[in-house]
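To start, the structure under review is shown below, and the notes come after it.
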Amino acid sequence: MTPIVSIIMGSTSDLPVMDKAAKLLDEMEIPFEINALSAHRTPAEVEQFAASAQERGIKVIIAAAGMAAALPGVIAANTTLPVIGVPIKGMLDGLDALLSIVQMPPGIPVATVAVNGAMNAAILAVQMLALTDSAVAERLANYKHNLKNKIVKANEELAATTYKFKC
């Protein structure tokens, strides 16, 4: 298998958050890779990764980072592939990371999800891939349909729950 999505995190301490993205990509049968690279500790490796990602078959990059959160932007500056940033909660409840990822200069966009929003980052990556892959589009449609079913079932369970003053 050749990965088409790359999950990159600034540190393995981000894995508990990014595991949600990995599990969703697994469920969607999307080949992916997952690595730790630091924009500050391994800058040359980050630049080399970003510059070579497309030729290795990567189509979308999900990049997670906390605090200064430079990783998604540095990757985006070195590739033409879409980069989805995941701010990791740390200092300031992740607001520092969110603002660092969102406030990119013109010409270097990073699509950004909520703080610790790894699952939404993976869904966004799948939506991008579904544009040109009908099998992925079908799996995504089924996933979205199942989200609806979960809410319908939850509402049925709520209706059956009794309280003394519930009408």
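What follows is calculated from the coordinates using simple rules that are stated; it is not laboratory data. Just so you know, these numbers come straight off a predicted model, no measurement behind them. Don't worry about glycine lacking a Cβ; one is built from the backbone with ideal geometry, like all the others, and counts go over all protein chains shown.
Points to keep in mind about this one:
- Residues with amide H under 5 Å from that of Ala36, placed H, sequence gap 5 or more: Met9
- Given Lys20/Lys153; Lys89/Lys153; Lys20/Lys148; Lys59/Lys144; Lys23/Lys150, the pairs whose alpha carbons are separated by over 25 Å: Lys89/Lys153
- Per residue, the average separation of C-alpha pairs within less than 8 Å and at least 6 apart gives segment 2-145 a relative contact order of 24 percent.
- Descending semi-axes in Å of segment 71-127, equivalent ellipsoid built from Cα gyration tensor: 18, 15, 8
- Sorted by Cβ density within 10 Å, fewest first, the residues Glu27, Glu55, Glu33: Glu55, Glu27, Glu33
- Against the main long axis of the alpha-carbon atoms of the chain, helix 15-27 sits at an angle near 70°.
- Rg and Dmax of segment 5-133, based on Cα coordinates, read 13.1, 40 Å.
- Nonlocal amide H pairs with Ala63, under 5 Å, H built at 1.01 Å: Ile8, Ile84, Gly85, Val86
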